[in-house]
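The values are calculated or read from the model by the stated rules, or taken from the named source; none is laboratory data. Quick caveat, the model's predicted, so the values are computed rather than measured. Using ideal geometry, Cβ is built from the backbone for each residue, glycine included, and neighbour counts are taken over all protein chains shown.
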Ligand code: FES
């Protein structure tokens, strides 16, 4: 069929616009039955919220539990959204009247979701409001509200190499456990060498489960890296020390490209990133799971010295304008939440853009490692409240939480 576009001049499009408008006007008000399958599938894969219940609690360590979550049809969730290994769920809670959200990687196999189960594994974080709340309050039968599976830390064959060195620290094992399951189940196709850093054998999470998976498939290899020399000497096959460049090179393929995936505490990123620089890998082959919520901006070398201790934020959300006061050591999102104002959020580390808001006046500090905004965002005054710290009083518009 000949193209209807004869010229790229704007004038040539005008008759097409009229024809398009006429088709809209002649269309039936309701969609013909069966014509919105794409929308039905999109809604099933990307629900705004999922309403779940805790079906089981498993103690993993003194300060770490896994929670098996199942759909709660009584509150409108009939089935779980599917996910690819490496995704996270954002958990929504109200703690002491304050709306709080946190992102946790799914530790279960993707195909478990098709059988109606997710697993989240939560370790207590020092001073961590949400982790403490969940570990103390969630029990069998607790009603839970979460987002759709989100994030970009899944294996992408067009971008990532076929061999992946996965560097895990502490509870950062969770997305890698899900990936290992997915490989063993035939749902992912890459070779994983997991270098899992722990202090000693007792602090390794999912040790037996990892061994079982590694025995099932030669595409998953697990190496424990223990910082305690006695513990390393006592565990067959373990390495002693930390996740260094030399260790990565020891296990990486000598004659093929490889990707490096990292997930662990923030201190681990600071250390490993320096090690990775020495390997000079192409940028696309280094993948970080989200940095996590940022604290103590004043510890950064580029943080200004003359920031007032408290600031005022005037925020408009859903046509309602409120002025609140908070500490400049907190992010804009934390200040608003501490004042009972819910902000849309998923990752809480600048990556997903879900909290994208408009700064009308004032200045904020964004830590370098969390600066994911595009140039245009910065030019037009858009900020991510989850990783923006007020340097002055602020006025901003925030979209309503979904
Ligand atoms: S919540 Fe993801 S960018 Fe702010």
Those residues of region 99-128 that are touching a helix residue (DSSP H, G or I) at 6+ places or on another chain (Cβ under 9 Å) and surrounded by fewer than 16 Cβ atoms within 10 Å (Cβ to Cβ) come to a total of 1
In region 20-36, anything more than 38 Å from the chain's Cα centre (by Cα) and surrounded by 10 or more Cβ atoms within 10 Å (Cβ to Cβ) is listed as 20, 21, 22, 27
Expected single match for over 27 Å from the mean Cα position of the chain (by Cα), surrounded by 18 or more Cβ atoms within 10 Å (Cβ to Cβ) and over 22 Å from residue 105 (Cα atoms) among 233, 238, 256 is 238
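Each row is one residue, and each column tells you yes or no for (1) at positive phi; (2) assigned by TED's automatic domain parsing to the domain that holds residue 340; (3) in contact with a strand residue (DSSP E or B) (Cβ under 6 Å, 6 or more places away or on another chain); (4) surrounded by 13 or more Cβ atoms within 10 Å (Cβ to Cβ).
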site: 270; (1), (2), (3), (4): no, no, no, no
site: 273; (1), (2), (3), (4): no, no, no, yes
site: 279; (1), (2), (3), (4): no, no, no, yes
site: 308; (1), (2), (3), (4): no, yes, no, no
Query - Test: residue in region 288-300 that is within 16 Å of the ligand (Cβ to nearest atom), assigned to a strand (DSSP E or B) and surrounded by 13 or more Cβ atoms within 10 Å (Cβ to Cβ) - result: yes
**OP:** Consider residue 253 carefully, then state whether it is in contact with a helix residue (DSSP H, G or I) (Cβ under 7 Å, 6 or more places away or on another chain), more than 29 Å from residue 360 (Cβ to Cβ), modelled with pLDDT of 95 or more and not assigned by TED's automatic domain parsing to the domain that holds residue 391.
**Re:** no
Subset of region 353-383, residues touching a residue at least 24 places away in the same chain (Cβ under 8 Å), near the ligand (Cβ under 9 Å from one of its atoms), within 21 Å of residue 273 (Cβ to Cβ) and in a loop (DSSP other than H, G, I, E, B), comes to none
